[in-house]
Amino acid sequence: MSDDYIVEGQIIDIGEVQSFDSGFTKLQFVVKTDGDYPQEIALNLVKDRTNLIDRHELGDRVIAHFNLRGNPYNGRWFVDLNCWRIESPDGGAATDAPPDMTPEDVGGGTETADDLPF
């Protein structure tokens, strides 16, 4: 099973960068899919990847590559969709993470339960 997933659609929301006391940063954006039953999918950009959205704006069509991350917090489980690449469906330039980072680096920090940014 691959850890790489994609979603294609239109950007309908771009949040602000959030910074936490631990130094962790995150930005959430939302992509609305097409089809008979469109979905509004919230994806996170974390750490050095928060700037991947800078080339895009509301209304842009994108293909977002992401990994699934599950985290326990106070006896509950949470799932994050951590984006590591954004590209245009028309073959335009992709916005990728710095070359020294891999998809596995996204969200793979060492935060403790008290540091989790939910």
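The values are calculated or read from the model by the stated rules, or taken from the named source; none is laboratory data. Values in this document were obtained by computation on a predicted structure and should not be read as measured data. Positions of Cβ are backbone-derived with ideal geometry, glycine not excepted, and every protein chain shown enters the neighbour counts. All accessible areas refer to the heavy atoms of the entire protein, side chains included, with ligands and DNA or RNA removed. Shrake-Rupley method; radii C 1.70, N 1.55, O 1.52, S 1.80 Å.
Taking segment 57-76 as the region of interest, how many residues are of a type in the set (Asp, Glu) and crowded, with 16+ Cβ neighbours inside 10 Å?
1
Does segment 37-46 contain at least one residue that is open to solvent by less than 20 Å² (accessible area, probe 1.4 Å) and among the polar types (S, T, N, Q)?
Yes, segment 37-46 has at least one match.
State whether one or more residues within segment 8-23 are under 20 Å from PRO89 (Cα atoms), surrounded by 12 or more Cβ atoms within 10 Å (Cβ to Cβ) and touching a Ser or Thr at 6+ places or on another chain (Cβ under 8 Å).
Within segment 8-23, one or more residues are under 20 Å from PRO89 (Cα atoms), surrounded by 12 or more Cβ atoms within 10 Å (Cβ to Cβ) and touching a Ser or Thr at 6+ places or on another chain (Cβ under 8 Å).
Looking only at segment 12-23, which residues are in contact (Cβ under 8 Å) with a residue 24 or more places away in the chain, in a loop (DSSP other than H, G, I, E, B) and under 14 Å from the mean Cα position of the chain (by Cα)?
Across segment 12-23, the qualifying residue is only VAL17.
Look through GLY70, GLY59, GLY9 and report the one residue that is in a strand (DSSP E or B) and touching a residue at least 24 places away in the same chain (Cβ under 8 Å).
Only one candidate qualifies: GLY9.
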